[in-house]
Each structure stands twice: as C-alpha cells, then as structure tokens.
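Data first, discussion second: the structure below is written as structure tokens.
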Amino acid sequence: METTRSLPITLAAAAMMALWSPLSAQTAGPASAVKQTTRGACSFLTEGEVDRLINRGQRAYGTAESVPLRGGAGSVCEYPIGAQVVLFSGPRSQEEFEAFLKTYNRDRERRHPVSGIGDRAYIMFPTPRHKNEDRLAYLVTNVGPHTLGVSMAARDGMGDSPMMEYCRRGQLSREECAKLEADKSETAESLQPAVKEVAKAVVAKLRS
C-alpha cells in the first residue's frame with residue numbers, strides 16, 4: 001500500500017527540522033575545507049544512491065523535484081517516496097535555515113545532538129500537528145559554508161491499514177493476514193539510521 005504525500009514541500013520540510021537547540025552563531029567551519037557550491041539539492045545523489053538510501057526497497061512514482069528557497073539562498077529536493085534534502089549555502093546559511101524553520105513555527109522544537117556527520121548535527125522528530133502531516137525524522141548539519149537538512153517520512157505498514165478489516169471479517173486467509181500484520185508501520189525514530197546515511201553521502205559530496 002503506497003501512502004500519498006499531501007503536504008507542500010516547504011511545509012513538509014519545515015515540519016521536520018525543528019527539534020534542535022538554537023544553532024551556534026559561529027560559522028559552520030573554515031570555508032577553505034569545503035568547496036562553495038551553487039548546485040541544487042537534487043544534484044548530490046546518484047540514481048543508485050537514491051534507490052538504495054532513500055527508496056529503500058519501496059516503489060517510487062515520479063521523479064525528484066528541486067525548488068529554490070528564500071530567494072535562491074537555498075533549495076529543497078523533494079523525492080516522491082517522502083524524503084527531502086534541503087541545502088542553504090553561504091556565510092548566512094545557518095540564519096537562513098533558522099528563518100526557514102521559523103516561517104512554519106518549527107524553530108522551537110527539541111533538538112537531539114548527533115555525532116559523526118558534519119558539524120553541530122541534530123535530529124528531530126516533530127509531532128504531527130494534524131492527520132495529514134507525516135511522521136518525520138529530520139537531521140540537520142553544517143559543512144563549511146553549508147547548512148544541510150535531510151528528512152524522511154515514516155511509512156505506513158499494511159498491518160495498520162484498512163486491509164486488516166478483511167482479516168477481522170474472515171475474508172482473507174490466515175496466511176494472507178499474517179503477512180499483512182507483519183508489515184508494521186515505521187516510526188519517525190526508527191528512521192534515524194536512514195537519514196544519517198543520506199546525510200553522510202551528501203556531506204561527502206560537499207567536501208569532495
């Protein structure tokens with residue numbers, strides 16, 4: 001069963017990025033260690049990386065779409081499966097990112113530190129504000145003059161779908177129902193390893 005992503009990309013991105021403590025006023029690191037870039041957020045992952053790191057065995061319909069943010073200071077890549085890569089670049093990338101979050105009232109949510117991915121990395125798991133918002137894991141890190149955000153939406157499993165009603169009515173076999181029930185929904189927290197792997201891949205490209 002495929003879920004439908006109903007949120008606009010900017011709202012979905014902002015809804016995930018808010019769990020951290022205020023970002024440092026320092027720059028993200030010596031610019032000489034990381035190249036400046038004008039590449040859009042969709043340009044960092046190859047087709048194979050998208051399939052392995054983002055789709056993760058799920059069928060994706062459509063193609064990734066890149067949209068500029070805040071007057072071109074950044075961009076967001078929206079992947080059909082329900083993942084996003086957001087990138088702001090330049091000396092004010094952190095401030096631009098914070099302003100981006102504040103626009104959607106997600107700048108005060110709790111932020112959990114993460115190590116081993118860029119500088120001052122955090123992950124958050126914003127509580128959905130209504131039934132149409134996804135359960136999100138959102139990791140943010142700094143790499144030289146860049147501020148990077150990676151998000152994924154938790155997948156709804158068949159074990160929590162309306163299909164289970166057919167099992168309760170005895171309209172499906174035990175084998176079919178056992179298979180459905182075993183397909184559990186993901187939680188936002190369970191996606192932390194996956195978003196870390198995507199962030200590591202993009203960070204490596206930013207440093208190359």
_Go through (1) modelled with pLDDT under 90; (2) polar (S, T, N, Q); (3) surrounded by 12 or more Cβ atoms within 10 Å (Cβ to Cβ); (4) under 26 Å from Asp107 (Cα atoms) for Gln84 and report which single condition fails._
(1)
_Just to be sure before I move on: is Phe100 touching a residue at least 12 places away in the same chain (Cβ under 8 Å), assigned to a strand (DSSP E or B), out of contact with any Cys (no Cβ under 7 Å at 6 or more places or on another chain) and of a type in the set (Phe, Trp, Tyr) in the structure I sent?_
no
*Odd one out for Lys131, checked against (1) free of Cβ contacts under 8 Å to residues at least 60 places away in the same chain; (2) more than 16 Å from Glu197 (Cα to Cα); (3) touching a strand residue (DSSP E or B) at 6+ places or on another chain (Cβ under 9 Å)*: (3)
*When the stretch 79-123 is examined, which residues are found to be β-branched (Val, Ile, Thr) and within 21 Å of Glu189 (Cβ to Cβ)?*
Ile81, Val85, Val86, Val114, Ile117, Ile123
_Every pair of residues 6+ apart whose Cβ atoms lie under 7 Å, when the first sits in the stretch 34-51 and is more than 16 Å from Arg207 (Cα to Cα) while the second is modelled with pLDDT of 90 or more and surrounded by 14 or more Cβ atoms within 10 Å (Cβ to Cβ)_ = Cys42/Cys77; Glu49/Ala201; Val50/Tyr79
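The rows are residues; the columns are (1) of a type in the set (Ser, Thr, Tyr); (2) at pLDDT 50 or above.
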position	(1), (2)
Glu2	no, no
Thr10	yes, no
Ala13	no, no
Thr38	yes, yes
Tyr61	yes, yes
Ser75	yes, yes
_Positions within the stretch 51-81 being outside any loop (DSSP other than H, G, I, E, B), small (Gly, Ala, Ser) and buried (at least 18 other Cβ atoms within 10 Å of the Cβ), in sequence order_ = Gly74, Ser75
*Of all residues in the stretch 67-100 being over 16 Å from Val140 (Cα atoms) and of a type in the set (Val, Ile, Thr), which is nearest to the chain's Cα centre (by Cα)?*
Ile81
*Just name the residue that is nearest to the chain's Cα centre (by Cα) out of those in the stretch 115-136 that are closer than 25 Å to Thr46 by Cα and β-branched (Val, Ile, Thr).*
Ile123
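Collect the residues in the stretch 104-158 that are assigned to a strand (DSSP E or B) and among the acidic types (Asp, Glu), keeping them in residue-number order.
Scanning the stretch 104-158 gives a single hit, Asp119.
The values are calculated or read from the model by the stated rules, or taken from the named source; none is laboratory data. Just so it is clear, the model here is predicted, and its values are computed rather than measured. Virtual Cβ from ideal backbone geometry, glycine too; neighbours counted across all protein chains shown.
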